[in-house]
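Here is the structure we will look at, set down as structure tokens.
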Amino acid sequence: MEESCDTHLEAAMTVAFERLLSTWGLDVWREICYNQSQADLVMASNAEGRQMRTSNVNTAVRVGHRGRIFTLVEMLMVVAIIGILMALLLPMLREAKIQAKFVRWVAFNRNCSNDPTCVVNFNFQGNGPAFSTPPPGDVLINSASGSQNSDFKPELYNGYLKNNNDPSAHHNFEWVRSGRFGRYKWALRFNGADTYVVMPGTKEINFTPYTSFTVLCWLKFDKMGLGDCPFSKSLWGTASDASCQYDLYAMPWSGQFGQGSFDVDVFTTCGTWPNTEVDFDKAGWVHLALRYKYLETNASGDAEGEITVFINGKALGNYINITSQNPYTAAATEWKTCADLSIPLILGGAGCYRKYWSASTWDPNDTSLANTWVIKFLFQGLMDEFLVYKRALSDGEIKGHYDMGKP
Amino acid sequence: MAEQNMVSMLWRDKEARKWGICVLLFVALTSLVLYRIFHTEKLPPPGAKRAVICQKCGKLQVLRIVDPETPKARCAYCGGRVGMAWKCGHCGYEYYIVNFKFDARNLSTMERLRKVESLRRCPNCGEIKDVRPMSVNEVEDELKRRGE
Ligand SMILES: [Zn+2]
Ligand SMILES: [Zn+2]
């Protein structure tokens, strides 16, 4: 009874399928299906060769003289099973791959913290189980623990999330899943209006032209705006009166294809890279590194160093810093290095002299930090991972940071 | 033996082979497409919540903005174009700025930054430097205060 029911169903499906095929003009399929249709087709129901006459099932494909014959339903079932298996397996494989990458990154990041020259390491993660919970709301915890100095206090270099327009108001940052390692990795959304992160400690991250250092971070721009500053330890002022240790800011009109690039200020040098291969508005996550390598002290007693910017692990060529080479760069020769000013390092904006940038709120007799600076040129986009080393990392190490963290 | 026969026969039959390959490709492609649709590593949606002012009706509001230079989001009240809300620290005037793109190719860095500043100028008193983008919470508090 059941068998006959199945047979009828199969026959009905066959007719329907045949109509469909003829509608589409797929005669080839029909030929395969029907090349034996006038003969009595044989469907072997099992390997022992027990045979059953099924003259009313005329859609079977004979595939061997004595072998099994597929019916349409069987073929569709195989297709469906393969499909379901792939649908189940692919995501599982992918999830396993992402998790493995995340675990590898966690180990790598911990290793970075143990480097004796690493003074700042914000991994933008909480401390929950498996290291994968969102971080606590208002502080980026500095996990660097290996400074060469015995009195190094990593907590002095924690990053505090601030509201630039109202220090007493809650910050307007958003925590989001970064998408770099699936659901595991977190990132901070800077809004370009009032969000910045400040590190109160300055001693370990005060660099002079005689000390090498490297700053690395992962960024995703919403839209590159001129001057948008992912990090700075500077006081921007006028062309002749500005102070700087190091900063990096967006230069959307640079680049051979107008895709944007970055300028950096390092001590008294403003460096420009006119050419990068990355279109930052479309690129998603990009890895940026700024490296200053002290080379030697020249005959006149001045430090000579080499500045390099790395994008996605790749060093951009030599920078252009003098007007005769590139009329589009600033000549920063009058600038002061702000080592002695002890300006904090900030993420997501540029420190600027209040006396120039907000003169009406500036008190010439007040030397406090709040009166000295004001934060402008705020960055809009995501940041995930920020590290500072008190040495020049090698090209290979920077490439390693990129490889370990790339989505 | 029978299985071998089946495979070899399928392979020898030109049409069956064609169709077999087609079916396998179809399955593979469909699975890949489905996999891409449902399991692409999704980046968080771009854009931050920003304080904006409608260019048409002048209403202050909060919208998610990707590109502050030429925002695509429209006013929640009238559907007009919006610009980023800025406030003058000198006279307290609230205004919007938009389309602050310019040809910077022949300008030095400082000239470029000064140009950016000038585009953010307060239209009420002409202040250039002491101006700032408004905060989301500032706007929300203001709207609450006005009972909107
Ligand atoms: Zn409106
Ligand atoms: Zn004004």
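Every read-out reported here was derived from the displayed coordinates using simple, explicitly stated rules and does not represent laboratory data. Note that this is a predicted model, so its numbers are computed, not measured. Note: ideal-geometry Cβ built from the backbone for every residue, glycine included; neighbour counts use all protein chains shown.
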Exercise for the section: Let me know the whole percent of all Cα-Cα pairs from segment A:114-405 that are separated by more than 32 Å. Expected result: 20 percent
Problem - Förster radius 25 Å - calculated FRET efficiency between A:K203 and A:T297, Cβ distance, rounded to 0.05 - result: 0.60
Completion exercise
Once both label points are put 7 Å beyond Cα along the C-beta direction, the A:K282-B:E111 separation in nm becomes 3.0 nm
Handout entry: Net +/- balance of residues flanking A:S143 in space, Cβ distance below 12 Å, scoring K and R +1, D and E -1
Key = -2
Exercise for the section: Determine the shape class of segment A:118-277: with a ≥ b ≥ c the square roots of the Cα gyration tensor eigenvalues, call it rounded for a/c under 1.5, and otherwise prolate if a/b is greater than b/c, oblate otherwise. Expected result: oblate
Practice task
Would you mind computing, in nm to one decimal, how far apart the modelled labels at B:F26 and B:T70 are, each placed 7 Å from Cα along Cα→Cβ?
Solution key: 4.4 nm
Exercise for the section: Report ³J(HN,Hα) in whole Hz for each residue of segment B:66-72, in order, from the Karplus equation J = 6.51 cos²θ - 1.76 cosθ + 1.60 where θ = phi - 60°; Gly and Pro get x. Expected result: 8, 10, x, 6, 9, x, 8
Fill in the blank from the handout: Between B:L34 and A:T211, the FRET efficiency computed from the C-beta separation at R0 = 60 Å comes out, to the nearest 0.05, as 0.65
Completion exercise
Which of A:K162/A:K376; A:K355/A:K376; A:K101/A:K282; A:K185/A:K293 exceed 20 Å between C-alpha atoms? The answer is A:K101/A:K282; A:K185/A:K293
Practice task
Mind checking the full-extension length gain between A:L76 and A:A370? Use 0.36 nm per residue of separation minus the Cα-Cα distance, one decimal, nm.
Solution key: 98.6 nm
Problem - Loop chymotrypsin sites (Phe, Trp or Tyr not before Pro), segment A:238-316, which have at most 11 other Cβ atoms in a 10 Å radius of their Cβ (DSSP) - result: A:F257
Fill in the blank from the handout: Pseudo-spin-label distance A:S360 to B:C78, built 7 Å along Cα→Cβ, given in nm, is 2.7 nm
